[in-house]
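Visitor: Pasting a structure here, questions to come.
The values are calculated or read from the model by the stated rules, or taken from the named source; none is laboratory data. None of these values were measured; they are calculated from a predicted model. Cβ atoms come from the backbone with ideal geometry, glycine included; neighbour counts cover every protein chain shown. Keep in mind that these areas ignore ligands, DNA and RNA; they rest on the heavy atoms of the full protein, side chains included. Shrake-Rupley method; radii C 1.70, N 1.55, O 1.52, S 1.80 Å.
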Amino acid sequence: MKNPKILYRYIGVEYFKTFLLALFTLTVLVLIAKVFDEVKSLVEYKTPLLVIFEYFWYMVPFTMMQTTPIAALLATLFFLS
């Protein structure tokens with residue numbers, strides 16, 4: 001093979017796209033599940049909508065950190081299949 005860099009770059013880009021899609025999807029699913037888990041207490045205490053959005057916005061980095069390993073495994077499985 002004359003220039004394997006092109007192939008390596010293609011593989012890396014395709015894997016990274018799959019990884020980002022899996023990470024985004026898993027993060028959204030976990031956040032939706034957390035919203036439904038906490039909706040009763042949020043309504044019970046009459047929390048303002050802006051505070052609720054801020055609460056879940058600040059939860060995004062931690063949720064992404066939790067879902068990164070699962071997203072990497074899923075991206076590997078989807079990429080290799």
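Visitor: When residues of the range 14-34 are filtered for being open to solvent by 40 Å² or more (accessible area, probe 1.4 Å) and of a type in the set (S, T, N, Q), how many remain?
Guide: Count: 1.
Visitor: Can you say whether VAL30 is touching a residue at least 24 places away in the same chain (Cβ under 8 Å) and not polar (S, T, N, Q), as far as the supplied structure shows? So that I can check it myself, show each step before the final result.
Guide: Values: touching a residue at least 24 places away in the same chain (Cβ under 8 Å): yes; not polar (S, T, N, Q): yes.
So VAL30 passes the test.
Visitor: State whether one or more residues within the range 8-19 are in contact (Cβ under 8 Å) with a residue 60 or more places away in the chain and among the charged types (D, E, K, R).
Guide: Checked against the condition, which is being in contact (Cβ under 8 Å) with a residue 60 or more places away in the chain and among the charged types (D, E, K, R), the range 8-19 yields at least one hit.
Visitor: Is there any pair with a first residue in the range 43-59 that is farther than 15 Å from THR27 by Cα and a second that is assigned to a helix (DSSP H, G or I) whose Cβ atoms are under 6 Å apart and which are 6 or more apart or on different chains, and what are they?
Guide: Listed pairs, sorted by first residue: ILE52/LEU42.
Visitor: I'm trying to understand the selection: among the residues of the range 35-61, which are surrounded by 10 or more Cβ atoms within 10 Å (Cβ to Cβ), hydroxyl-bearing (Ser, Thr, Tyr) and under 22 Å from LEU23 (Cβ atoms)?
Guide: TYR55
Visitor: Scan the range 6-60 residue by residue and report those that are closer than 20 Å to LEU77 by Cα and acidic (Asp, Glu).
Guide: If the condition is that a residue be closer than 20 Å to LEU77 by Cα and acidic (Asp, Glu), then GLU14 is the only one that fits.
Visitor: Related question: If TYR10 meets every condition in (1) modelled with pLDDT under 95; (2) assigned to a helix (DSSP H, G or I); (3) open to solvent by less than 100 Å² (accessible area, probe 1.4 Å) apart from one, which number is that one?
Guide: (3)
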